[in-house]
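Written out below as C-alpha cells is the structure these notes cover.
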Amino acid sequence: MFSIKVEAGFSAAHNLRGYKGKCEELHGHNWKVEVVVVSPFLDKIGMVMDFKELKSKVYAVLEKLDHTYLNKIPYFKKINPTSEHMAKYIFTSLKSKLPDLKSVTVWESENSAATYYE
C-alpha cells in the first residue's frame, strides 16, 4: 500500500459552546491540516496521484473556512467546531473528490491535533 500526504493551513475563529474555560470565548487558531490518500497501485508514471491535484482539492475546501467565524458555517451551527469535528467536516468535504482518502488531521496548535478516518 502506498500513501501520500499534503499539509495546508487556514486561519479562523471559533468558540466552543458548553466548554468550561477560556475556549468558550471567541478565539482563533492558525490551523494546520494534513490529508492522507492511499492506494495499493501507482499510476503509469509511479504516483498515487499528483501532489498538485491533491493540494488543489484540499485548498478548495480550506478556502471556505479561511478567515471565517466557524460557528456561523451551517455545519457548525449545532455541532461544536472542535478539532475532532473540523477533521470530520474536512474529510467529508473531500471524500467525494478523493475516493482513496484515508485520513484528515487537524492541528489547532503545534502540539494538539485530532484525526478523522473511516
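Can you name the residue in the stretch 71-107 that is among the hydroxyl-bearing types (Ser, Thr, Tyr) and farther than 15 Å from residue 118 by Cβ and is also surrounded by the most Cβ atoms within 10 Å (Cβ to Cβ) among such residues? Ranking the qualifying residues of the stretch 71-107, first place goes to 83. On the given criteria, is residue 57 assigned to a helix (DSSP H, G or I), surrounded by 12 or more Cβ atoms within 10 Å (Cβ to Cβ) and within 16 Å of the chain's Cα centre (by Cα)? Yes: the conditions hold for residue 57.
When the stretch 43-54 is limited to residues that are assigned to a loop (DSSP other than H, G, I, E, B) and aliphatic (A, V, I, L, M), the one that is nearest to residue 94 (Cα to Cα) turns out to be 49. Can residue 45 be described as surrounded by fewer than 12 Cβ atoms within 10 Å (Cβ to Cβ), β-branched (Val, Ile, Thr) and modelled with pLDDT of 95 or more? Here the answer is yes, as residue 45 does meet what is asked. Restricting attention to the stretch 24-33, does a residue exist that is surrounded by fewer than 17 Cβ atoms within 10 Å (Cβ to Cβ) and either in a helix (DSSP H, G or I) or in contact with a Cys (Cβ under 6 Å, 6 or more places away or on another chain) (or both)? Yes, some residue in the stretch 24-33 is surrounded by fewer than 17 Cβ atoms within 10 Å (Cβ to Cβ) and either in a helix (DSSP H, G or I) or in contact with a Cys (Cβ under 6 Å, 6 or more places away or on another chain) (or both).
Counting the residues of the stretch 1-23 that are among the polar types (S, T, N, Q) and either closer than 20 Å to residue 64 by Cβ or not in a strand (DSSP E or B) (or both) gives 2. Apart from one condition, residue 66 fits all of (1) within 20 Å of residue 11 (Cβ to Cβ); (2) assigned to a helix (DSSP H, G or I); the exception is (2). In the stretch 76-117, of all residues being at pLDDT below 95 and among the acidic types (Asp, Glu), the one that is farthest from residue 66 (Cα to Cα) corresponds to 110.
The values are calculated or read from the model by the stated rules, or taken from the named source; none is laboratory data. Please read all numbers here as calculations on a predicted model, not as lab measurements. Because the Cβ atoms are built from the backbone with ideal geometry, glycine has one as well, and the counts that use them run over all protein chains shown.
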